[in-house]
Every structure is written in C-alpha cells, then in structure tokens.
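S.K.: I have a structure here, written as structure tokens, and I will follow up with some questions on it.
The values are calculated or read from the model by the stated rules, or taken from the named source; none is laboratory data. Every value quoted in this text rests on a predicted model; they were computed, and no experiment measured them. Using ideal geometry, Cβ is built from the backbone for each residue, glycine included, and neighbour counts are taken over all protein chains shown.
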Amino acid sequence: MACRDLETGLETSVFEALENTLKWKKADEELLLLDGDAVLARFSRKKYMGITGPVWQWAHTLYNDDWKVVPADPENYTVQFQEDGTISVKADCNKKGGTVSISHEEKSISIDITESTMAACPEGSLENDFVKGLSAAALYFTRNGDLYIDLKYDSGTMKFSKQLEK
C-alpha cells in the first residue's frame, strides 16, 4: 500500500519505538512505551479526541440556503458517540442506534443509523430532519466546546452543545 509521506514517517516512528521499548506503563488513559525512563511513544484511549463520552444536544442546523432548523426542545434531540464506534441517539420520542466512523486526519465522520424504536412522535416533531442530518454527516470539528457536523455536498452544518448533567 502506498502511504503519504506523513503516514510513512509516522509508521517508521512507531516501529522504531516498538523495537526500542524496554518496558511499558499505563498512565491514566495512555499507554507509554519506555526506553529506561525516556518515553518513546504514547497511545491514548481517547479514540475520537473529545467527542466520545458526552451527550451532544442538537442546537440547530443551518443550511447553505440560509434555512435554519431549531428544535423547540433540544434535550429531545441528542447523540452520544461511544469509544467502540457505536452511537446512541434520542430523536424526539424515539431511541436509535447505529455506528460511527471517524477519521481524525481527514476530520471526516460517517454515521449509519441501523436501529430504532417506532413510536409515533407528535405533530411538529423534527425527528426526520435530525436523523436525515446525522445520516448526511461528512466532516466534524469542535469550536468553543461545541461540536459541528458538516453535511454532505456542503449543504449545511449541524451544531451541538454538550448536554448539562442533571
């Protein structure tokens, strides 16, 4: 497989660290490879760099035609990314689940909703808009503690805030 220069350099560094490791140590959420007391490499369990774990509450979606969808009750529209690559979704009156694939280098994200309860949500529900947006996820970034998910075809951006613990 042909690797980009950055990937080749990273791969070489990892193999060199593994070859020179005399001992290892677990510290907090990291695995440290050591040559004596010198740290050769660190590996973190935080797979998705801060977006896994917290419950993210949908603030709004701003589409590129300036149409903005804002839920009246944001706490009814949430997503939680798990470290194992699964997601839990609350879409108004239904609970959903599925998988997420995230690339840190590319800042890409792909969400696949594969399961759902089938309750009939009340009139005015934004369940379909919310799920459609999640299913169209293409890129992600964080800014000022909020999560933004850009939609495919540069069609809009979903904004999420961390849900406050009750």
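S.K.: Looking at this structure, is Ser101 within 17 Å of Leu151 (Cα to Cα) and in a strand (DSSP E or B)?
M.R.: yes
S.K.: Moving to a separate point now. Out of curiosity, is Lys132 in contact (Cβ under 8 Å) with a residue 24 or more places away in the chain and among the basic types (Lys, Arg)?
M.R.: No: the conditions fail for Lys132.
This table checks each residue for (1) of a type in the set (A, V, I, L, M); (2) under 30 Å from Glu19 (Cα atoms).
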site	(1), (2)
Leu31	yes, yes
Asp35	no, yes
Ala59	yes, no
Asp66	no, no
Tyr77	no, no
Asn94	no, no
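S.K.: If you don't mind, there's one more thing I want to ask. Among the residues of the stretch 98-149, which ones are among the basic types (Lys, Arg) and either at pLDDT 95 or above or within 21 Å of Lys68 (Cα to Cα) (or both)?
M.R.: Lys132, Arg143
S.K.: Applying the selection to the stretch 71-86, what residues are without any contact (Cβ under 8 Å) to a residue 60 or more places away in the chain and within 19 Å of Tyr140 (Cα to Cα)?
M.R.: Passing the criteria: Tyr77, Gln80, Phe81, Gln82, Glu83, Asp84, Gly85, Thr86.
S.K.: Something else now. Filter the stretch 87-115 down to residues that are of a type in the set (S, T, N, Q) and touching a residue at least 24 places away in the same chain (Cβ under 8 Å) and give me whichever is surrounded by the most Cβ atoms within 10 Å (Cβ to Cβ).
M.R.: Once the filter is applied, the top-ranked residue is Asn94.
S.K.: Further question on the same structure: Name the one entry in Lys95, Lys166 that is more than 16 Å from the chain's Cα centre (by Cα), at pLDDT 95 or above, within 18 Å of Gln57 (Cα to Cα) and not β-branched (Val, Ile, Thr).
M.R.: Criteria check complete, one pass: Lys95.
S.K.: Continuing with this model, one more query. Which residues, counting only those in the stretch 37-59, are loosely packed, with under 15 Cβ neighbours inside 10 Å, in a strand (DSSP E or B) and at pLDDT below 80?
M.R.: Arg42, Phe43, Ser44
S.K.: So for the stretch 38-55 (the condition being hydrophobic (A, V, I, L, M, F, W, C) and farther than 30 Å from Trp24 by Cα), does at least one residue qualify?
M.R.: yes
S.K.: If only one of Leu62, Leu34, Leu22 is of a type in the set (A, V, I, L, M, F, W, C), farther than 28 Å from Ala120 by Cβ and at pLDDT 95 or above, which one is it?
M.R.: Leu62 is the lone residue from the list that is of a type in the set (A, V, I, L, M, F, W, C), farther than 28 Å from Ala120 by Cβ and at pLDDT 95 or above.
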